[in-house]
Amino acid sequence: MTPGDNGPSTPEDDDPFGYLYADGQARGAQPPSGGYGYPNSVSRVRAVGERQYGQQQAAPYGQSSVPTQGAYGQPNAYYQAPETLPGGAPPGSRPAPPVPARRGPNTKGLLIGAIAVVAAVVIGIGAAMISGDSGDKTGNDANANPAQSQAVSPTPSSSASAAPGELPKADAQALQLAGGATKASDVTGAKAAGGVYVGGLNTVGSSVTWTINDLPEAGPYTLFMQYSVAGENQSMTVTVNGKEFGSKVNFKNYRSAADGDFANGWTHSFVWPTLQKGSNTISISCQAGDKCNVLLDQVYLKKGQVTG
């Protein structure tokens, strides 16, 4: 080829980059409409509006592909939210649904259940203890405290203690006997438990002794004696804490019972001893010169010097 203008060239001889030079532009060279102007380049033609999200659209030749920034405080005209694009936001860009809050264990229900179990155990233990105690008490009471209708021990208790707020009292069963004194229940009318009384006191040296424990305070008291006399009046000796009382105790026949009719002669008499706090011992005995044909069934105390 010689220098100079050989005229229009055929398309295959045309310089693909001629549109970049002045002489090429003078001959009417145009930039390629598809591809990049290289031989065998692939034209990627697509319809308007088919721009895919996430890819940058190529700008026309000679123009910047970077979108211009809008004025301060104004929205960018080139920005579009994914949900405004055709087809909506891409599948991978959707926010994950909120995870439901995981509920913790039902602590209130567990606590109520635990309390119920503990209460059931406590009730069961208490019931077992109560039933066990009841059985023991029943056995002990039968052996230690015979009923009033049962026979008592040949050697009765020699002491008596008052219940709270009460002064001591003793039946014939709780008195110590000496000499010819004996217990009997042939004569009716005795107030002691089982109708038991003390007889056989009309022998010198016979006596009944009452030991009092836990007397609340010292001072003057009245000693009452429940007895029966038939016929002639009687009198016996009283000893308090080892000392003979100043006068005999009078067992008068206040009921005017006929001689030998002791069932109709039950009444009471009294003396006014001074006692000490705590333990005291009182004896009623038949001494020389006494008249002792008396049946005795009860002795008891009252505070102060009273007559009934």
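Exactly one residue out of Leu296, Leu301 is farther than 18 Å from Glu166 by Cα and surrounded by 20 or more Cβ atoms within 10 Å (Cβ to Cβ): that is Leu296. Six or more apart or on different chains, Cβ atoms under 8 Å: show the pairs whose first residue is in segment 228-243 and among the aromatic types (Phe, Trp, Tyr) and whose second is part of a strand (DSSP E or B). Short answer, once both residue conditions are applied: none. Condition check for Ala218 on (1) among the small types (Gly, Ala, Ser); (2) on the phi > 0 side of the Ramachandran plot; (3) open to solvent by 40 Å² or more (accessible area, probe 1.4 Å): one failure, at (2). Inspection of segment 248-263 identifies no residue that is open to solvent by 40 Å² or more (accessible area, probe 1.4 Å), in contact with a Gly (Cβ under 8 Å, 6 or more places away or on another chain) and under 18 Å from Ala178 (Cβ atoms).
The values are calculated or read from the model by the stated rules, or taken from the named source; none is laboratory data. Everything numeric here is computed off the predicted structure, so don't read it as measured data. All Cβ positions, glycine included, derive from the backbone under ideal geometry; neighbour counts span all protein chains shown. Please note that ligands, DNA and RNA were not included when accessible areas were found on the heavy atoms of the full protein model with its side chains. Shrake-Rupley method; radii C 1.70, N 1.55, O 1.52, S 1.80 Å.
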